[in-house]
Amino acid sequence: MRQLRAFFKKELTEQIRSYRLYILGAVFLFFAIMSPATAKLMPKIIEAFSEQQDAAFVISAAKDPTAVDSFDQFFKNTSTALIVFIIMQAGIFTKEYSSGTLLLSLTRGMERRRVIAAKWLTLAGIWTVCYFMSFGVCYGYTVYFWDVSAVPNVTEATVVWWIYGLWYISILTFFSTLINSATGIIACIGAIFLSSDLLGMIPKLEKILPTRLSGVSVLTHGESFEYMPALIVVIVSGVMMLLLSVPVFNKKQI
């Protein structure tokens, strides 16, 4: 545990020194503020730029916004924030491969499985803090503008989306033990997302694919949305990838 704590502290210090922690915090905060702001202003924007459109279209598109619209924007914006998160953190292993600092830690007796654990916990911790900070700010502004008491399943949708983000962190960790390039890691994660999205077009597979969880915001509409099969797949596959990272990393030449 002493090794794990020491390496975790080192990782956190590196996140601060490289300003990644501050940048990600700013990105998530920006999207948190933009979510209710976009929901609030969108009808006026539509009216301003739709003068030549059909009147019926303008009326339907420019309906009065509600708290549900704010939460919809939050989950959409979080998808973008997650992409930024992955791009910025894709080099968490590869930079140490190239600089040799990881090899130095290993020669001093640091166990490889603890390296993986410390890096995953660092990423998961940053994701958790940024995500729930963003949700808290969005929720606060939404409460200020609208009545949220009638919006169902907000907590449920929020927790499911958080787990969905952790799944990508496990994927990032696994590919980081295989690939020495941050660009290659991003490409592999993108390929997994795209494959899951395309396979979602097959009705029999739609309900079990991880990307289904990205649409969990419909729960806040009060609509029925079956996500449990996909959630189980995400949890099981995420744990498996994390566990597989250990033997793969043990065999890796650094």
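Where a number appears in this text, it was derived from the coordinates with a stated rule and is not lab data. This is a predicted model, so every value here is computed, not measured. Backbone-built Cβ (ideal geometry, glycine too); neighbour counts: all protein chains shown.
At a glance:
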{"read-out": "Relative contact order computed over segment 2-250 (Cα-Cα under 8 Å; 6+ residues apart), in percent", "value": "25"}
{"read-out": "Within segment 152-175: backbone nitrogen closer than 19 Å to the M133 label point (7 Å, Cα to C-beta)", "value": "159, 162-163, 165-166, 169"}
{"read-out": "Distance-filtered residues of segment 1-41 - backbone nitrogen under 12 Å, label point 7 angstrom along F145 Cα→Cβ", "value": "32-41"}
{"read-out": "Extension gain from V218 to I23, taking 0.36 nm per residue of separation minus the Cα-Cα distance", "value": "67.2 nm"}
{"read-out": "Residues L199, L194, sorted so that the one with the fewest Cβ neighbours within 10 Å comes first", "value": "L194, L199"}
{"read-out": "For the chain, built as a Gaussian network whose Cα springs stay under 10 Å, the top-fluctuating residue of M240, M34, M201", "value": "M201"}
{"read-out": "Extended-chain gain in nm, criterion 0.36 nm per residue less alpha-carbon gap, K207 and M1", "value": "70.2 nm"}
{"read-out": "Whole-Hz ³J(HN,Hα) from phi, Karplus 6.51 cos²θ - 1.76 cosθ + 1.60, for segment 9-18, glycine and proline x", "value": "5, 4, 5, 5, 4, 5, 4, 6, 5, 7"}
{"read-out": "Simple label model, 7 Å out from Cα along Cβ direction - I254 to L103, nm", "value": "1.1"}
{"read-out": "Relative contact order computed over segment 107-251 (Cα-Cα under 8 Å; 6+ residues apart), in percent", "value": "33"}
{"read-out": "For the chain, the Rg and Dmax computed from alpha carbons only, in angstrom", "value": "20.7, 72"}
{"read-out": "Candidates R112, R212, R17, ranked by Gaussian network fluctuation over the chain, Cα under 10 Å, top entry", "value": "R17"}
